[in-house]
There are 2 protein chains.
Amino acid sequence: MFARPPSAAELDRHLDALQGLVDTAGLLTDPADMPRYERDWMGKFHGRALGVIRPRDTAAVARVLAYLNAHRLPVVPQAGNTGLVGGSVPDAAGAFVLSVERMTRIRAVDAVGASITLDAGVVLESAQEAARRAGLMLALDLGSKGSCRIGGNISTNAGGLKVLRYGHIREQVLGLEVVLADGTVLDGLSSLRKNNTGYDLKQMFIGAEGTLGVVTAATLKLFPAEAGRAVAMVAVDRFDDALAVLAAVRRGFPGRLNSVELIGADAVALVAGTLPGARSPFALAHTYAVLIEVGSDDADAVAERGRLEEAIGALIEAGRVADAAIAQSDAQAEGLWRLREGVPEAVAHTAPVHKYDLTFAVGDIGRFIADCDLALARVAKGLRPVYFGHVADGNVHVNVMAPPGMQASGYQALQGPIDDAIFDLVAQYRGSISAEHGIGQVKRAYLDRNRSTAEIATMRALKAMLDPNGVLNPHRLLP
Amino acid sequence: MFARPPSAAELDRHLDALQGLVDTAGLLTDPADMPRYERDWMGKFHGRALGVIRPRDTAAVARVLAYLNAHRLPVVPQAGNTGLVGGSVPDAAGAFVLSVERMTRIRAVDAVGASITLDAGVVLESAQEAARRAGLMLALDLGSKGSCRIGGNISTNAGGLKVLRYGHIREQVLGLEVVLADGTVLDGLSSLRKNNTGYDLKQMFIGAEGTLGVVTAATLKLFPAEAGRAVAMVAVDRFDDALAVLAAVRRGFPGRLNSVELIGADAVALVAGTLPGARSPFALAHTYAVLIEVGSDDADAVAERGRLEEAIGALIEAGRVADAAIAQSDAQAEGLWRLREGVPEAVAHTAPVHKYDLTFAVGDIGRFIADCDLALARVAKGLRPVYFGHVADGNVHVNVMAPPGMQASGYQALQGPIDDAIFDLVAQYRGSISAEHGIGQVKRAYLDRNRSTAEIATMRALKAMLDPNGVLNPHRLLP
């Protein structure tokens, strides 16, 4: 009943048939072409691609899926393959890869209605540029914008640097075109801002990691371009003080607060000590740095910076902030952001790492960090966690570096115990084991710590309804 | 297989059993109590309630649904019963009504995390007040806030006056508790801002009009209170000029534009001529009035008004705006809003009416209005349409008043031809037949003009999956 990889003889026959459904460049079978579709960019996950199907349009995707479904053949949808949880590469048993990388048309930009309609294979940065050319802005922004693609952004409900102000991509999707497992095209493309006509089917596919259908195109909201910004970094000694900073800027800059980011002292020191040109604006070390960005009109940028200075001044006077740096130029703003965005890079330069992407009630973060330090010390001596993230959303990234001198291969054995320690704590705080990254293959076994039996049963029913043969991204997301 | 009303003898037995599942006040059977549950507030739709079940908590809802489902008995979930499409009253054939009106607990307000958790039966205005007491704001605001309840707001994906800035309630729901048809409780209550752990099940129930499950509680985002506002009304002679106004304020007030509302000249004249104290700020009649509200900090309110004046001054200079009034006080702001919010009331005082709630690409609205005038003139002589709505969202309310002297009973016969004329035009423009109000019973027959065969088939599959016996709100939403 369920999809399974074909025998070698069957495979040849299927490849012939699939070649008939796409153009010449639409099917790759040369072993030399496989690696970049078979492994993730970190090199953590890899499997076997039975062939890479690269349709040029939605009709071809529909033909291919109808065929694979009829023959119960497993297929892994893939966009930019920049995920962090192994959700877009095949298993060792083998599966076809369906890549949208050749579907890169920007179908329409509507400057009046402020929307963009584009193929799933468009690279995020290209979409951002198309919006900019129309005098508008695509709100989604991610570190991987040069490689990730819209279809993957939607299938993982990407968040990124401006969730606080603009929401996840879920809130930006106006319409979606999806091909179901059996090849049915659900044409829900629409730029309408309001449309309460029956069930909002597109929601099912956003964040479903390609297990319920293949996103082939989308219409996204666009926003007025942000002409100016005011950026500051403040130092605080206690997590409660970070909360006071958050409350103050929330109150002071409603509707235009882009980011409030927390960076632990160890992370600041690591970036400053590792990345060329990076340095902390503070003379002394403090428990946390908080980065604040306000997006404002061009006309208003100087006044906005003044207001930010004033708000921070009041926090210093109240004993909440120990030190502060307000960017006086775009270069200085970039310098402050470097301390936040450079953390993963500095970690990668320093030691093997296990990464966690967690959410909590905002008020719980300080206690979680203290508890996490203790829990990790019990797992192994010398583990070096660094903490950073989108504090306004309650989102904490924990990067746990290996003890000094330990190699990646040795550190792999510690992943299980560290996962257990951290995910137990998350359950205790009723937090989330995946804020942004998704479940993929790496967190499947832990899903039941976040979701109840009834919820997982409902998820399975949804999967069975939309993909009864289990051809789409098998062994992903669901436990 | 499908739910059907019981015979009289069976009914008594079921009522006895249901009484055993709830407290004494939890079941109403006296015929004198039925009318307000059996008909909508406009008096357009009515049916027969076999009994009104009013559980006090989620566990009781679960027991009741498990019983009704086991016995294949139809049930209509009801919250404030303020809908406009007959979605929350039973059919003439009869059904139980499940009212959440006694579930009115505000379970928690988290001022630090900016969220509120509350029962489905809380009246919107009470929820707003609870948020206000915590120094925060619930973003949802509707004319019916004194009567509508959170469960109904969620089940219809309510929009309202501030969609432009804060989105529909869908974007404000952080967590949802839902009881499924078989009595299973899906406890998805959570105040986490980010949580990509498997399928986002709550999305299925938002806007599903009680046909897939019964919403019993929710956690909603809260926002910083808006301390000040700047309000203006401008007069324009062509729809293109309204678009120019929209573009200018979008650019000028990013992140703090609450509303941009369009009001046709006939609607302005009707309100000014009908409602005591209402008057147009303009000496001459112009094709459209555009109402603009910017929500700003207290500290900034005067400067904000100055910026709005400046922006409007530039539009006057450019020949886009013919006249303008900028509110200098809260009373003046209320007066301008009265011209917009008073339209339905003025219409109700004037003639029998058929109401439409449509969405278009923003740029199409002017042409739609012209086409609609022509199409209605072909349906019958003397029909009097007025147009108003949330222009920034592409949302147009069309209220079509009967020809002078025609009674409501006679006008009923014209509903079909007017529906056809308007919904045909909507299809032609690829618009939506329901921006905010939903489908209910009144638009079921027209759903296929907005949704494809594949989409409707997928909706049916979802309904069959979650409510296989068809007990929940039968004959609603789906054609």
Selection status of A:ARG36, over 22 Å from the mean Cα position of the chain (by Cα) and either in contact (Cβ under 8 Å) with a residue 40 or more places away in the chain or surrounded by fewer than 23 Cβ atoms within 10 Å (Cβ to Cβ) (or both) | no
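Can we say B:VAL396 is of a type in the set (Val, Ile, Thr), in contact (Cβ under 8 Å) with a residue 60 or more places away in the chain and over 22 Å from A:ALA111 (Cβ atoms)?
Taking the combined requirement at face value, the residue does not satisfy it.
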Just to be sure, is A:MET1 at pLDDT below 95, under 20 Å from A:GLY87 (Cα atoms) and part of a loop (DSSP other than H, G, I, E, B)?
-> no
Condition check for A:VAL64: among the β-branched types (Val, Ile, Thr) and at pLDDT 95 or above | yes
Can you find a residue in segment A:68-83 that is under 22 Å from the mean Cα position of the chain (by Cα) and either hydroxyl-bearing (Ser, Thr, Tyr) or in the same structural domain as A:LEU176 (by TED's automatic domain parsing) (or both)?
-> yes
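Kindly indicate whether any position in segment A:460-476 is under 30 Å from B:VAL112 (Cα atoms) and not assigned by TED's automatic domain parsing to the domain that holds A:TYR288.
No: zero hits.
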Condition set touching a Gly at 6+ places or on another chain (Cβ under 6 Å) and not hydrophobic (A, V, I, L, M, F, W, C), scope segment A:366-407, selection farthest from A:VAL353 (Cα to Cα): answer is A:ASN395
Please work out if A:PHE368 is buried (at least 20 other Cβ atoms within 10 Å of the Cβ), in the same structural domain as A:ASP419 (by TED's automatic domain parsing) and closer than 18 Å to A:VAL260 by Cα.
-> no
Does A:ALA445 satisfy the condition of being in contact with a Leu (Cβ under 7 Å, 6 or more places away or on another chain), closer than 25 Å to A:GLY207 by Cβ and surrounded by fewer than 24 Cβ atoms within 10 Å (Cβ to Cβ)?
-> no
Would you check which residues across segment A:73-109 are touching a Ser or Thr at 6+ places or on another chain (Cβ under 6 Å) and either under 26 Å from A:LYS443 (Cα atoms) or within 14 Å of chain B (Cβ to nearest Cβ) (or both) and list them?
-> A:GLN78, A:GLY80, A:ASN81, A:THR82, A:ALA108
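Can you name every residue in segment B:340-360 that is in contact with a Ser or Thr (Cβ under 7 Å, 6 or more places away or on another chain) and not in a strand (DSSP E or B)?
Matches in segment B:340-360: B:ALA346, B:HIS349, B:THR350.
Just checking, how many residues over segment B:99-115 are among the hydrophobic types (A, V, I, L, M, F, W, C) and closer than 27 Å to B:PRO74 by Cα?
2
Please determine whether any residue of segment A:248-257 is within 14 Å of chain B (Cβ to nearest Cβ) and assigned to a strand (DSSP E or B).
Yes, there is a match, as at least one residue in segment A:248-257 is within 14 Å of chain B (Cβ to nearest Cβ) and assigned to a strand (DSSP E or B).
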Which one of B:GLU293, B:GLU304 is in contact with a Ser or Thr (Cβ under 6 Å, 6 or more places away or on another chain), acidic (Asp, Glu), surrounded by 15 or more Cβ atoms within 10 Å (Cβ to Cβ) and closer than 21 Å to B:GLY143 by Cα?
-> B:GLU293
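Looking at B:ALA427, B:ALA402, which is the one that is without any contact (Cβ under 8 Å) to a residue 24 or more places away in the chain and touching a helix residue (DSSP H, G or I) at 6+ places or on another chain (Cβ under 6 Å)?
Numbers: B:ALA402 fails: without any contact (Cβ under 8 Å) to a residue 24 or more places away in the chain.
None of the other options fit; the residue is B:ALA427.
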For segment A:121-230, which strands (runs of 3 or more DSSP E) that fit wholly inside it have 3 or more residues that are crowded, with 23+ Cβ neighbours inside 10 Å and away from every other protein chain (no Cβ under 12 Å)?
-> A:214-221
Looking only at segment A:236-253, decide whether some residue is without any contact (Cβ under 8 Å) to a residue 12 or more places away in the chain and touching a Ser or Thr at 6+ places or on another chain (Cβ under 6 Å).
-> no
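Quick one: would you say B:THR117 is hydroxyl-bearing (Ser, Thr, Tyr), over 11 Å from the mean Cα position of the chain (by Cα) and buried (at least 19 other Cβ atoms within 10 Å of the Cβ)?
Working: hydroxyl-bearing (Ser, Thr, Tyr): yes; over 11 Å from the mean Cα position of the chain (by Cα): yes; buried (at least 19 other Cβ atoms within 10 Å of the Cβ): yes.
So B:THR117 fits the description; yes.
The values are calculated or read from the model by the stated rules, or taken from the named source; none is laboratory data. Values in this document were obtained by computation on a predicted structure and should not be read as measured data. Backbone-built Cβ (ideal geometry, glycine too); neighbour counts: all protein chains shown.
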